[in-house]
Amino acid sequence: MMDGGSRLAKDLMLQLDQFMNIRCLHKQGHSVRQIARLTGHSRNTVRKLLRATRAPSPVPRARSSKLDPFKAYLTQRWEEYGLSAVRLLPEIQAQGFSGSAQIVRRFLHDLKAARQPDPTLTVRFETPPGEQAQCDWAEIGRYPQPDGSHARVYAFVMILGYSRFLHVEFTRSMSLPTLIRCHQNAFGFFGGWPRRILYDNMRQVVVGPERVNARFLDFTRHHGFEVRRCRPYRPRTKGKVERSVAYLRDNFLNGRSFTGLDDLNAQARHWLGSVANVRLHGTTHARPCDRLLEETLTPCTGLNAYQVTHCTSRTVSAEALVRFDRSDYSVPTRWTGTRVSVDAGESVLLIRAKDLIIAEHPLAAAPGQRIESPVHVRERWERSVPARLAPPPKGCHITFTESVEARPLSHYVEVAS
C-alpha cells in the first residue's frame, strides 16, 4: 500500500499538460468524479489540483544509496540476461557491495516497472483538418411507455477530430441500418465526411479480427472513407468521443425532461447549435463552428444517397405472420407455410413470394410490435371460422311426372243426374 508521502510525491509528478487538462475539464462543467474517471487520477488528486493556484513544480530530493556504484552493472546484466536478484547479489558482493538483497530486489522491481507500458497513460493525438472523426454509441437509459413496457434509448455521437464539431442523434435501436442512417445524417450535418473514422469494436462494424461487416464495408466504399479500429481494451484511444459522451450527459441530458424521441432530438439540435458547437473548446481554445470551416471534408454534393436495405428469408407462420427484427407482419392467409423473402428499407418493409410482392408495411418503430393489414385480418378471421350451414329438410320428396286431367263441373252434374 502506498503511504501518504509516496502518494503526494506521485501527485506532484503530474506534467503541466495533465494539470491544464484537469482545469479545462472543470471549466467545461465536469464534476470531480467525472474528471477522475476521464483522467485516471484519484479524486483527492483532482481536488488538490483544482484548489492549486499554479501547476506543481516538484523538486526531487537526491538520496544516496549503497547500490549507486553498482546500478549500471545491474542494469546491463538484467537487460542482457534477465537475471534475478538472487543471481546478481553475489556478483556485486564480490565487487564490494555490503547492502541487503532487499535493496537489489527493489531496484530490479523498479527497473522492470519502468520498462512496462502504463495502461492508464493517455497521449492526446491531434489530427489535421479533414483527417479523422470518432464515433460511438451510448445507452441513455430505459424509460416507461404507455403500454407498461420499457424502451431503451441510445445516443449516436460523432465528433470531427480537428474542429471538435459535434453531432448527436438519439435512437431506439443500434441496428446496422440505424447506424448507417445516423452516419448519413451526421455527414449532412457536417457538410461532408473525413478520410477516416475511428470506431471501437462495436458489433455493427466489426465481425472478427481485422474484419469489417460486409454491409457496412459496402457503405464505406460508397462514400470512400476508411474504417479505423481503436486498440482493444483501450477506449481512451478514442478519447475525443468518450469525453463528448460525458459532456453530453452532464451538459445536455442531466436535469432535462423530454416528451418523446422527436422532442429529445429537437432539443439536442438546438443544444448543438447554441451551446456545444459555439463554445470555446477547452483544448483547442477555439469554437468548433469556426474550426469547421478549416476542415477539408469530402462534400456530400454530387453523390447519390446510399440505399439501406436488409434482405432475408422467412417462413410464414400458421397465423399468416412473418417475423422480422422481433416484430410480426401480416400476409394473405393463402401464403401460410410458404418461404418468403423480406426486404427492409429505412421505413418500409416488403414481403415477396418469388417475384410477387404479397405485402407491404411500414417498418415497426420498436421491437415487439404487430403490424397487420385490416384486409389480412378480415381474411384470416373469415377462413378461421367455419360457415353456419342450414340443416337439410326432413321427410320424403315426391315428384309427379304425369299430368292430371282437369274436367269442368258440368260434367260431374250430368253424371249424377
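The values are calculated or read from the model by the stated rules, or taken from the named source; none is laboratory data. This one's a predicted model, so the numbers in the text were calculated from it and none came from an experiment. Reconstructed Cβ throughout: ideal geometry from the backbone, glycine too, with neighbour counts over all protein chains shown.
Quick rundown of the values:
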read-out: Residue ranges of helices (runs of 4 or more DSSP H) in the range 1-110 with at least 1 members at pLDDT 85 or above; value: 32-39, 43-51, 71-81, 85-93
read-out: Any hit, the range 235-253, residues being in a loop (DSSP other than H, G, I, E, B) and either at pLDDT 90 or above or over 15 Å from the mean Cα position of the chain (by Cα) (or both); value: no
read-out: One residue from Thr301, Thr259, Thr315 being closer than 27 Å to Gln145 by Cβ and among the β-branched types (Val, Ile, Thr); value: Thr259
read-out: Out of Leu321, Leu293, Leu261, sole residue that is surrounded by 15 or more Cβ atoms within 10 Å (Cβ to Cβ), more than 20 Å from Ile180 (Cα to Cα) and not polar (S, T, N, Q); value: Leu321
read-out: Residue check, Thr284 over 21 Å from Arg181 (Cβ atoms), among the β-branched types (Val, Ile, Thr), touching a residue at least 40 places away in the same chain (Cβ under 8 Å) and not assigned by TED's automatic domain parsing to the domain that holds Ile35; value: yes
read-out: Any hit, the range 186-193, residues being among the small types (Gly, Ala, Ser) and over 23 Å from Leu261 (Cα atoms); value: yes
read-out: Filtered residue count, the range 360-417, keeping only those that are part of a helix (DSSP H, G or I) and modelled with pLDDT of 80 or more; value: 10
read-out: Where a residue in the range 206-217 is loosely packed, with under 15 Cβ neighbours inside 10 Å and its partner, wherever it lies, is among the polar types (S, T, N, Q), with Cβ under 7 Å and at least six apart; value: Val207/Asn213
read-out: Residues located in the range 331-359, provided they are free of Cβ contacts under 8 Å to residues at least 24 places away in the same chain and in a helix (DSSP H, G or I); value: Arg334, Trp335
read-out: Of residues in the range 177-208 being assigned to a loop (DSSP other than H, G, I, E, B) and in contact with a strand residue (DSSP E or B) (Cβ under 9 Å, 6 or more places away or on another chain), the one farthest from Thr127 (Cα to Cα); value: Gln204
read-out: Members of the range 296-318 that are free of Cβ contacts under 8 Å to residues at least 60 places away in the same chain and buried (at least 18 other Cβ atoms within 10 Å of the Cβ); value: Val316
